[in-house]
Amino acid sequence: MCGIFGYFGPKKNATDMVVEGLKKLEYRGYDSWGIAYKTSNDIIIHKQVGKIGEAQITFGELEDAEEQIAIGHSRWATHGGVTQENAHPHFSEDKDVVLAHNGIFENYVELKEELLKKGHTFTSETDSEVLVHLIEDEMKTSNFLEATKKALSYVEGRYATLIICKSENMIIASRRGSPLIIGTTKDNKEFFIASDIPAFLKYTNQVNYLDDNELVAIDNTGARFINLISGEEIKKRNVEIQWVEESAEKGDFKYFMLKEIMEQKETLYRALNQEKDLIEKVADAIKNAFGTYIIGCGTAGKVCMAAEYMFSTIAKKHVNTAFGSEFPNYHHFLTDRSLVIAVSQSGETADTLEALEIAKSKGAKIISIVNVETSTMARMSDIVLPIKAGPEKAVASTKATTSQLAILMLLAYAVADKLADGKSLLIDATAQINDMINPRYEEHIRKIAEVIKDTESMYIIGRASNYPIALECAIKLQEVSYIHAEGFAGGELKHGPIALISKGTPCIALIANDDTKKSMLSNAKEVQARGGLIIGIAPERDPVFDYWIRVPDVGNASPIVNIIPVQILAYHLALLRSNNPDMPRNLAKSVTVK
Ligand code: M6R
């Protein structure tokens, strides 16, 4: 979580560029923000509580020095409340060194105790502040770069840091576990350091990825990359990114969430457009593995659960699924013949990354299905299947979800040696989604949102592969509408949760035109008999539905079409309840802490 952005170069408006970059990273954390910039003999820090996107502040041009240096941070609080003191960047006690940090220093309590014993005083409750004090201590005997290297060797946990110092014209960036990318202009004179590429894509598409345990020191001689373990300088290859900047912008849409929901007409086609050889290679890996585990977190975790049903129905093959955070508990079963498939939009989710690290240490083969092809997850995988959804900015995942489902379904068909059948089913489903998502459809769903907008709780039920989709629908509704929403397997309701239904409680029934249909309709009737209001998402109308949202009849691809109306419903509930659907409270897009 948290977005960090730094600039080193000749532009006099470095501060405004950092503010602009932070606005593009705001989805990573938005409870407070701050910026630090160098003047000829000082460092100025400005920080405030609230979203940077709503801040009305310009810093103006910096001094007429050869290079300008500024760093900034948009925060998602982990250690310490949402206050101006806890906002980054943080000064050292002598005000010589300044730090912005994304991640968690897990041993900060011990480090802080030692520093307190030495007489240090702290101004924030954050874990981050310890590093800047450690650097200050080390600078009593070493220069800025050596002191930073030394101080970094004391901290445990995941981090991406940006550090500047009053006495040297240098930015030092370092990384272990949290993303950090360096953008460089072609003339090698300007550097942008950010948690994510779209933050600087306007200025350059030439990037270097900082890998774990690496540091880069940027000054007027250029960028020097150093391996923090061996201490040696390393050569990095520039990579050219193909994204166009506009794809990360809202265009005519008021919110990214709606833009991304609507984009599914195209993103699904892109997801399906995978190289046949690549899909078959992954299918072979699944066939030959001694145990396949499909893992992800949050929405991606629900996609993995849906995959378990797809593989069972389509390929008659059992695959194991687990949430990234729970996967380490299965490590006893892993061998060098195991296959672990990670599903992730960002490719940076700490829980999934940690699971992969454990799998790797056991010699398991790693495959990732990711949207950010240049992410840490992709780079640590033996094979990468790209989702190709383009940048997803809204915190609530939508287009990445359906693309992940489509790719996993293709894989299930490939394992069954029926790849062509799977592809034509999914192409047909996508064409029908294209017809389905239109303004009239959206308005129909918006009207249903008006009916249920004041409800305190709602439930979603589904069977087979639509059961994990019911769980995913609940996440969508919780995240942006803040309504208490829960998903259940249709058959489970009567074993307890049905006690929660009272007059008017909305219950969404996800229905596929398959052998689960009859039982699902019975479950809907059971809810209706207790006063529940039934919203049926189904290819055909049924008398039990108080409201019907039509979806195409697409056979096994039903989970892909069924989630889309709930994404639209969640979006409109958010608006009707005056919530910002792109930046829901307490959340961040990329969860890079454990
Ligand atoms: O980037 P990832 O797909 O690995 O992210 C995993 C979850 O954090 C993510 O799906 C989260 O649950 C979303 N906010 C859901 O909309």
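The values are calculated or read from the model by the stated rules, or taken from the named source; none is laboratory data. Just so you know, these numbers come straight off a predicted model, no measurement behind them. Cβ: placed from backbone, ideal geometry, glycine included. Neighbour counts: every protein chain shown. Each accessible area value is taken on the protein alone, full model and side chains, heavy atoms only, with ligands, DNA and RNA left out. Shrake-Rupley method; radii C 1.70, N 1.55, O 1.52, S 1.80 Å.
The condition of being open to solvent by 20 Å² or more (accessible area, probe 1.4 Å) and within 16 Å of the ligand (Cβ to nearest atom) holds for only one of PHE327, PHE323, that being PHE323.
A single entry from VAL384, VAL415 fulfils the requirement of being more than 13 Å from the ligand (Cβ to nearest atom), surrounded by 24 or more Cβ atoms within 10 Å (Cβ to Cβ) and either not acidic (Asp, Glu) or not assigned by TED's automatic domain parsing to the domain that holds TYR30 (or both): VAL415.
Any residue in region 480-495 that is without any contact (Cβ under 8 Å) to a residue 24 or more places away in the chain and more than 16 Å from the ligand (Cβ to nearest atom)? Taking every residue of region 480-495 in turn, at least one turns out to be without any contact (Cβ under 8 Å) to a residue 24 or more places away in the chain and more than 16 Å from the ligand (Cβ to nearest atom).
Can you tell which of ASP428, ASP435, ASP421 is more than 16 Å from the ligand (Cβ to nearest atom), surrounded by fewer than 24 Cβ atoms within 10 Å (Cβ to Cβ) and free of Cβ contacts under 8 Å to residues at least 12 places away in the same chain? Quick ask: steps written out before the conclusion?
Numbers: ASP428 fails: free of Cβ contacts under 8 Å to residues at least 12 places away in the same chain; ASP435 fails: free of Cβ contacts under 8 Å to residues at least 12 places away in the same chain.
After applying the criteria, what remains is ASP421.
The residue of region 335-349 that is nearest to the chain's Cα centre (by Cα), among those that are away from the ligand (no atom under 16 Å from the Cβ) and either among the hydroxyl-bearing types (Ser, Thr, Tyr) or surrounded by fewer than 21 Cβ atoms within 10 Å (Cβ to Cβ) (or both), is SER338.
Residues in region 125-151 that are in contact with a strand residue (DSSP E or B) (Cβ under 8 Å, 6 or more places away or on another chain) and without any contact (Cβ under 8 Å) to a residue 60 or more places away in the chain: THR126, ASP127, SER128, GLU129, VAL130, LEU131, VAL132, ILE135, GLU136, MET139, ASN143, PHE144. Cβ-Cβ contacts under 7 Å between residues 6 or more apart (or on different chains), taken from a first residue in region 309-337 that is outside the structural domain of ALA489 (by TED's automatic domain parsing) and of a type in the set (Val, Ile, Thr) to a second residue that is away from the ligand (no atom under 16 Å from the Cβ) and open to solvent by 80 Å² or more (accessible area, probe 1.4 Å), are listed as THR335/PHE290. Scanning region 350-373 for residues that are more than 13 Å from the ligand (Cβ to nearest atom) and buried (at least 19 other Cβ atoms within 10 Å of the Cβ) gives ALA359, ALA364, LYS365, ILE366, ILE367.
Would you mind stating whether LYS518 is open to solvent by 40 Å² or more (accessible area, probe 1.4 Å) and in a helix (DSSP H, G or I)? It would help to see each step written out before you state the result.
Working: open to solvent by 40 Å² or more (accessible area, probe 1.4 Å): yes; in a helix (DSSP H, G or I): yes.
Answer is yes for this residue.
Applying a threshold of 8 Å to beta carbon distances and a minimum spacing of six or more residues, or different chains, the list of pairs starting in region 211-226 at a residue that is over 16 Å from TYR7 (Cα atoms) and ending at one that is of a type in the set (Asp, Glu) and open to solvent by less than 40 Å² (accessible area, probe 1.4 Å) reads PHE225/GLU214; ILE226/GLU214.
Sub-7 Å Cβ pairs linking a first residue in region 380-400 that is closer than 18 Å to THR299 by Cα to a second residue that is basic (Lys, Arg) and within 12 Å of the ligand (Cβ to nearest atom), at least 6 apart or interchain, are ALA389/LYS399; GLU392/LYS399; VAL395/LYS589; ALA396/LYS476, ordered by first then second residue.
Of the residues making up region 485-511, those that are open to solvent by less than 60 Å² (accessible area, probe 1.4 Å) and more than 16 Å from ILE534 (Cβ to Cβ) are ALA489, GLY491, GLY496.
Rundown of residues vs (1) buried (at least 21 other Cβ atoms within 10 Å of the Cβ); (2) farther than 28 Å from ILE560 by Cα; (3) at pLDDT 95 or above, yes/no style:
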site	(1), (2), (3)
LEU228	no, yes, yes
ILE241	no, yes, no
LYS265	no, no, no
GLN274	yes, no, no
ASN288	no, no, yes
THR299	yes, no, yes
CYS304	yes, no, yes
SER312	no, no, yes
LYS316	no, no, yes
